[in-house]
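The values are calculated or read from the model by the stated rules, or taken from the named source; none is laboratory data. The shown structure was predicted, so the numbers you read here are calculated from the model rather than taken from an experiment. Note that each Cβ is placed from the backbone with ideal geometry, even for glycine, and that neighbours are counted across all protein chains shown. We work out accessible area using only protein heavy atoms, side chains counted, and drop any ligands, DNA or RNA first. Shrake-Rupley method; radii C 1.70, N 1.55, O 1.52, S 1.80 Å.
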Protein chains: 4
Amino acid sequence: MSGNSFGTLFCVTSFGESHGPAFGGVVDGCPPGLELKSEDIQKELDRRKPGSSRHVTQRRETDAVEILSGVYEGRTTGTAIGFLIRNEDARSKDYAAIAEKFRPGHADFTYLQKYGIRDPRGGGRASARETVIRVAAGAIAKKWLRERYGVLIRGYLAQLGPHKIAFKSWDAVGGNPFFSPDDSRTRELEQFMDALRESGDSVGARVNVVAEKVPVGWGEPVYGRLDADIAAAMMSINAVKGVEIGAGFASIAQKGSEHGDEMTPQGFLSNNNGGVLGGISTGQDVVVSIALKPTSSIRVPRRTIDAKGGATTVQTTGRHDPCVGIRATPIAEAMLACVLMDHALRHRAQCGDVTPPVKFK
Amino acid sequence: MSGNSFGTLFCVTSFGESHGPAFGGVVDGCPPGLELKSEDIQKELDRRKPGSSRHVTQRRETDAVEILSGVYEGRTTGTAIGFLIRNEDARSKDYAAIAEKFRPGHADFTYLQKYGIRDPRGGGRASARETVIRVAAGAIAKKWLRERYGVLIRGYLAQLGPHKIAFKSWDAVGGNPFFSPDDSRTRELEQFMDALRESGDSVGARVNVVAEKVPVGWGEPVYGRLDADIAAAMMSINAVKGVEIGAGFASIAQKGSEHGDEMTPQGFLSNNNGGVLGGISTGQDVVVSIALKPTSSIRVPRRTIDAKGGATTVQTTGRHDPCVGIRATPIAEAMLACVLMDHALRHRAQCGDVTPPVKFK
Amino acid sequence: MSGNSFGTLFCVTSFGESHGPAFGGVVDGCPPGLELKSEDIQKELDRRKPGSSRHVTQRRETDAVEILSGVYEGRTTGTAIGFLIRNEDARSKDYAAIAEKFRPGHADFTYLQKYGIRDPRGGGRASARETVIRVAAGAIAKKWLRERYGVLIRGYLAQLGPHKIAFKSWDAVGGNPFFSPDDSRTRELEQFMDALRESGDSVGARVNVVAEKVPVGWGEPVYGRLDADIAAAMMSINAVKGVEIGAGFASIAQKGSEHGDEMTPQGFLSNNNGGVLGGISTGQDVVVSIALKPTSSIRVPRRTIDAKGGATTVQTTGRHDPCVGIRATPIAEAMLACVLMDHALRHRAQCGDVTPPVKFK
Amino acid sequence: MSGNSFGTLFCVTSFGESHGPAFGGVVDGCPPGLELKSEDIQKELDRRKPGSSRHVTQRRETDAVEILSGVYEGRTTGTAIGFLIRNEDARSKDYAAIAEKFRPGHADFTYLQKYGIRDPRGGGRASARETVIRVAAGAIAKKWLRERYGVLIRGYLAQLGPHKIAFKSWDAVGGNPFFSPDDSRTRELEQFMDALRESGDSVGARVNVVAEKVPVGWGEPVYGRLDADIAAAMMSINAVKGVEIGAGFASIAQKGSEHGDEMTPQGFLSNNNGGVLGGISTGQDVVVSIALKPTSSIRVPRRTIDAKGGATTVQTTGRHDPCVGIRATPIAEAMLACVLMDHALRHRAQCGDVTPPVKFK
């Protein structure tokens, strides 16, 4: 399997460039009989859509999805689900100035060095716009997981640059442009972003994602672990530089007597392991946290080289997210959904005849 | 591909249980013509061997590797390399007391729930002893990467419980029982471990791994990214709960003007990205950091349930590492080596005709 | 990897249904820098196009291909190549009469039984129209193989129903509607087909495909053999029921002293092995022969059952190829091309540093 | 996945050389809870064992299998099943004479040219002895398929050189050294083989394999078809040059009105399709036929070249099967079993919630 596909049984393939005619995706392995309309996908795409507030890129895209196959009379047929999302607002001229320079922190340089050729328009294949495919595929996975197992996957912005945001409520998340779980912080975040945008700079972010009602038993030790596949899926999102499961890096300083989640006949007493033990889901919430680096396309001038290796400086003036992390919440949810669905199918393939022997009261 | 294999072209398959007759591995896809003796593998196995100091498990294993195939007259032939490591010091009686209870933080519970059956002797397949296979496979990858591309992969203990250890020198790493890069801290770490062992508790750790001289261009966007595969490989190591590349979680609070690594005709001026941009190696050091949770098998009594779901407590008295992170350095190096080698092969498959256009002076 | 993708490094993914809006494909893993225009693909699509003579289905499709990604300024960029072929002449009403019945020899029945749901319009996903994707992907593989290694892949109709057609010349193949390698037989074949069409029945066919100038060394023993992957690729073509390499079934009655291809310093003296020994290409022509069964959609009435399991009869009156084998030549060529390209990449991944030690004079 | 593994969910990995210390295998993905003893595997290994009659190689191997993992207290645990079969009667000196020459029709040449190095002892990795691993893995698959679904997989020798053997009874198959289904032909076959052995030559064979009670619905269109995977599995067996499903090459001359299997409420009226339509099992017997070429190691002198490319002749005097097809029946059964089991798991992964709507009476 080459680099533009992921998943063993619920398999997602993606193609498209930022300024090409379209992005497209193929979801293979979806069980038949799932009710699926383009609106089910559109709803999730609209959550990550650019142009939804002044704090994200002003590129105007409807991100309208067209389902091309795999659905008949409103239900999945078990065959490959192909879909397209046309690019509408591609202003390639914005990029003329930087086509011959490498942006520090951007994949411009590595694509050219790897392939000897690159599509410089809008970042080409390296554009975060590729994540529309992940969100679309994730919408299908989310729907199936919810209907088949009751799994609920939700995420939120846990930190914006230096601003940590403690979780208050899921209700808050949909009510502000940041996916922030605390409405009372919105003003503060807006002011921070306004100042940042004005400065021409960018910042990183932390996004947390939680999957509730995941059944016990999903995940294949020892290399195909659930958490290993989650780690890969998250790290494959543009700008992600770190992934934690459960207590994550805080585990380092914990004692075993503090970290190991005690059990009673009623269930676990804590969730330091983030819902995964030995690579297999425990039945608790699967809890994932990711770090996103600051956007590399900024107006602040920076030292760099040109395609001939000569010294120069670069400023990026196109339309960019000053914090890609803001729109990352639906993307991270989608990736978690795809991995969980893949493992749901893998689990019932091997262990379809097993009833978990221990039941909590 | 099922869960006990990883890698696309340099493919590692593992089998074995802690108290079964042996662990075994198969390395498929290794280029032919590599000089390989069992000593090349043994050398690395000895670095992770139990019983090497009082700070690790006292299980006595020679961990002697027997190569069974794929090598002829001292050179790899291009066919699958099979090897065995016999278990010698398996005292299953140590586990009788816990066979019917679940250790908090251990995979006991999830294996039983997933499969409906489990081998309770020494943790069965979930034992960290499985990592011998990773280290053996990694020894092959390390050797090839070094000889073919000059790649050098080294790791060290960066934190032991609450004790952060600043990097001093690679020379120090081999001279103490902790893979600590600072000799002056050895006494302190020993005292900490002695007290910990006495208390019957355990702690977590942080291990950093660095690959030098990695050529530019390895990694397959957008899902088969180098960093995504590294994240999966690291998270698949027993007890790992977090993975960072480069600045990792510190990226969150960075500005773009601080994070993005500037370039000059002589090269990069910093390495916040940890040697990967857009999922492709930059030619800088690949820098990875992982968090390992505290060992779950501890003498401190803990609340748990038995196989019938009833309330009980558990204390684990067998021979265990009070900090699995101490022996994790060669394991993390091995996993990084395997991923890099896989991508070296994948890269030359697709881009074997490409010369990277930009050369630094 | 799920069922709608094939290939390890040169990976083809397909989606689409006969009467849906479009068929689409993704080619992942193509080396960068290949000159590629839609005409390069169109040329091959036109060779399998319906409606090109009275002997094939009269469905009118331009089969115009639109490349959506992976190509920039006329060259492949190394990213996924997505493409679409819209369906234009889908007359679903033709199928109303058979939507509730199963055609003997058709996948109607198995799709419904497997998935519990099926798209009955034009055979849905089981339509031979899906082979447009194979031909398009194969066009890319053919072009790269030709330019990079000089490999030339050509096929011809070797038998039409009871009529065996001895190979006369490659020049003949393009000059008649049957891909027949003997112009002098065209009249006979036309008369046979006219009578067959009038009878409302169908026949099978044999297609031979030959790849010249394949370098020695492609193929991965023991399961990833070149011939094993060719066999899978060919058997995956609609209606194929048999695959032979080299002497194929004739090998059964051969003696070893007859079958084994002798060698001299100038090369092999025969090619019973069809260019593959031990799963690895020998440097001779790769020679493949396939059997295609007769089309299942015929006007002759046949006993069958309906969706409720009741007895009935069925006649299929839509537009169908009375011999699917006639248009199968470009499809078989395409599949062989894709497999060879995949193995070309796999070979240079593992053995990129090997020079074959024996040179023929 | 590299070349020494096959299967998506029921995944078999193989290693070992003819004159190395051992062959080994790993079966990954087997459902937990299957009763499995080494005798279950040994029974099948004994069916393909060398030295069982004067008509096969006189190499003396007990082929004793040692299970190393994945089984606990007589049941599979769901973890990887590793096993070893030691080589005992490896007389490498037999090969000294041919180490520097290529046997016509043997993989000697291609291994050397691909890898630049080869293990010449007993054919190294190319030895048909590798098929012990297939038979061992197949024994596990057969057992599971039988117990879980009632699937019964059996094969027989259908042709020995020029001698076609019509099927008489399954009972006959076990009662002669040829897996012949007609006891009355044994004398004739023995005489033929005695004369052949005396002449120092070899012949090909045809083996047929049938799987009964395969449920409807197994197989993943359009590339992961059941028949495509069967074709690959069969073609990957040493010496196989052709594969047919159902009517196979006889389909070419059939009319559609003859080939398409009619249906009644009681079931199908014929089985030209060999139990597969559109790549999905129909519920009928899966019927496969393979052609095996004559052994390449013969005493008859043949023209060839040496490792320096010079002209020479070669005679092979070691211990060889004069017809590898004789021992191929259990191997072909095993490969079919592995593919069916893989698809059984893949099917219940995707379609575990589907009940086939049509029931035959």
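Listing for the model above:
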{"item": "Angle between chain A longest axis and helix A:131-149 axis [Cα atoms, degrees, rounded to 10]", "result": "10 degrees"}
{"item": "Nearest-10 value in Å² for the accessible area of B:Glu190, using the 1.4 Å probe", "result": "50 Å²"}
{"item": "Solvent exposure ordering (accessible area, 1.4 Å, most first) of B:Lys255, D:Lys213, D:Lys241, C:Lys49", "result": "D:Lys213, B:Lys255, C:Lys49, D:Lys241"}
{"item": "Inter-probe distance in nm under a simple model that places probes 7 Å from Cα toward Cβ, at C:Glu198 and D:Glu39", "result": "6.9 nm"}
{"item": "Degrees, to the nearest 10: D:226-235 long Cα axis against longest axis of chain D", "result": "10 degrees"}
{"item": "Spatial separation of Cα centroids for the stretch C:117-180 and the stretch B:240-260, in angstrom", "result": "52 Å"}
{"item": "Mean separation of Cα contacts under 8 Å, 6 or more apart, over the residue count of the stretch C:158-247: relative contact order %", "result": "20 percent"}
{"item": "Probe 1.4 Å - accessible area at D:Arg75, Å² to nearest ten", "result": "100 Å²"}
{"item": "Tensor-based shape of the stretch B:1-151 (alpha-carbon gyration tensor, a/c under 1.5 rounded, otherwise prolate or oblate)", "result": "prolate"}
{"item": "Reduction of at least 30 Å² in accessible surface, 1.4 Å probe, comparing all protein chains with the chain by itself, residues of the stretch C:101-118", "result": "C:Pro104, C:Gly105, C:Phe109, C:Thr110, C:Tyr111, C:Gln113, C:Lys114, C:Tyr115, C:Ile117"}
{"item": "Prolate/oblate/rounded label for the stretch B:211-260 (Cα gyration tensor, a/c 1.5)", "result": "oblate"}
{"item": "Local electrostatic count at C:Ala334 - Lys and Arg +1, Asp and Glu -1, tallied over other residues with Cβ under 15 Å", "result": "+3"}
{"item": "Positive minus negative residues near B:Ala233 (Lys, Arg vs Asp, Glu; Cβ under 10 Å)", "result": "-1"}
{"item": "Mean Cα-pair separation over length for the stretch D:85-209, i.e. relative contact order, pairs under 8 Å, 6 or more apart, %", "result": "18 percent"}
{"item": "Accessible area per residue, Å², the stretch C:32-124 with all protein chains present, probe 1.4 Å", "result": "36 Å²"}
{"item": "Listed residue pairs exceeding 23 Å between alpha carbons, taken from B:Lys168/B:Lys213; D:Lys143/D:Lys361; A:Lys168/A:Lys359; D:Lys168/D:Lys213; C:Lys37/C:Lys142; C:Lys168/C:Lys359", "result": "D:Lys143/D:Lys361; A:Lys168/A:Lys359; C:Lys168/C:Lys359"}
{"item": "Residue order for A:Glu244, D:Glu100 - accessible surface, 1.4 angstrom probe, largest first", "result": "D:Glu100, A:Glu244"}
{"item": "The protein assembly as shown, accessible surface, carbon-and-sulfur percent (1.4 angstrom probe)", "result": "48 percent"}
{"item": "Between helix B:38-48 and chain B: long-axis angle, C-alpha atoms, 0 to 90°, nearest 10", "result": "60 degrees"}
{"item": "Relative contact order for chain B, counting Cα pairs under 8 Å that sit 6 or more residues apart, in percent", "result": "21 percent"}
{"item": "Net charge, D:Arg54 excluded, C-beta distance under 15 Å - Lys, Arg +1, Asp, Glu -1", "result": "+3"}
{"item": "Rounded to whole Å, sorted largest first: equivalent-ellipsoid semi-axes of the protein assembly as shown, Cα gyration tensor", "result": "48, 38, 31"}
{"item": "Added length on full extension, which subtracts the Cα-Cα distance from 0.36 nm per residue, A:Trp170 to A:Thr355", "result": "63.3 nm"}
{"item": "Contact surface C-A: accessible area buried, both sides summed, square angstrom, 1.4 angstrom probe", "result": "3200 Å²"}
{"item": "Protein-only accessible surface order, largest first, of A:Leu152, B:Leu277 at 1.4 Å", "result": "A:Leu152, B:Leu277"}
{"item": "Rounded accessible area of C:Tyr156 (nearest 10 Å², 1.4 Å probe)", "result": "30 Å²"}
{"item": "Global form of the stretch A:166-297, assessed from the alpha-carbon gyration tensor, a/c cut-off 1.5", "result": "prolate"}
{"item": "Against the rule of thumb 2.2 N^0.38 Å, how large the Cα Rg of chain B comes out", "result": "1.02"}
